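Peer 1: Attaching a single structure in structure tokens format; questions to follow.
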Amino acid sequence: MFQSLENFLKAYLLAHGATPDHVKNRVGHRLCDALAEAKAKGLAIHAPKDVEDAVLAMSRDYTARDFQYRSVGEWTCVFPHVAIAYVEAVSKVVDY
């Protein structure tokens, strides 16, 4: 789910003037940065602010690869259907 969000945002950035090097080296897996840049380039997501905030809070754990490499810890969690609905909202406005 978060990888899909990352890819949608990167596609949007690339379609709006970002270079592959910028997306790879400056944005990387940082979804908060990707979203901020995409919004600065005109991306408007139709989702409640509290849902976006929750997904971005959980995305920090994705960026840190906590779900892949750590077996213990505390993470911000969002119900899957809420996060999926947000990613779907992004997919509808990115359209790539």
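The values are calculated or read from the model by the stated rules, or taken from the named source; none is laboratory data. Note that this is a predicted model, so its numbers are computed, not measured. Cβ: placed from backbone, ideal geometry, glycine included. Neighbour counts: every protein chain shown. Calculation scope for accessible area: heavy atoms of the full protein, side chains included, ligands and nucleic acids excluded. Shrake-Rupley method; radii C 1.70, N 1.55, O 1.52, S 1.80 Å.
Peer 1: Quick check on my filter: what residues within region 17-44 are closer than 21 Å to GLU88 by Cβ, surrounded by fewer than 17 Cβ atoms within 10 Å (Cβ to Cβ) and in contact with an Asp or Glu (Cβ under 9 Å, 6 or more places away or on another chain)?
Peer 2: HIS29
Peer 1: Same structure again: Which residues, taken from region 45-83, are among the small types (Gly, Ala, Ser) and more than 21 Å from ASP95 (Cα to Cα)? Give the steps one after another, and end with the answer.
Peer 2: Taking region 45-83 as the starting set, the residues that turn out to be among the small types (Gly, Ala, Ser) are 47, 54, 57, 59, 64, 71, 73, 83.
Hits for region 45-83 are ALA54, ALA57, SER59, ALA64, SER71, GLY73.
Peer 1: Let me ask another. Is it the case that region 72-84 has a residue that's under 16 Å from GLU6 (Cα atoms), at pLDDT 90 or above, open to solvent by 30 Å² or more (accessible area, probe 1.4 Å) and in contact with an Asp or Glu (Cβ under 7 Å, 6 or more places away or on another chain)?
Peer 2: Checked against the condition, which is being under 16 Å from GLU6 (Cα atoms), at pLDDT 90 or above, open to solvent by 30 Å² or more (accessible area, probe 1.4 Å) and in contact with an Asp or Glu (Cβ under 7 Å, 6 or more places away or on another chain), region 72-84 yields no hits at all.
Peer 1: Quick check: is even one residue across region 2-14 loosely packed, with under 15 Cβ neighbours inside 10 Å and either touching a His at 6+ places or on another chain (Cβ under 6 Å) or acidic (Asp, Glu) (or both)?
Peer 2: The answer is no, given that none of the residues of region 2-14 is loosely packed, with under 15 Cβ neighbours inside 10 Å and either touching a His at 6+ places or on another chain (Cβ under 6 Å) or acidic (Asp, Glu) (or both).
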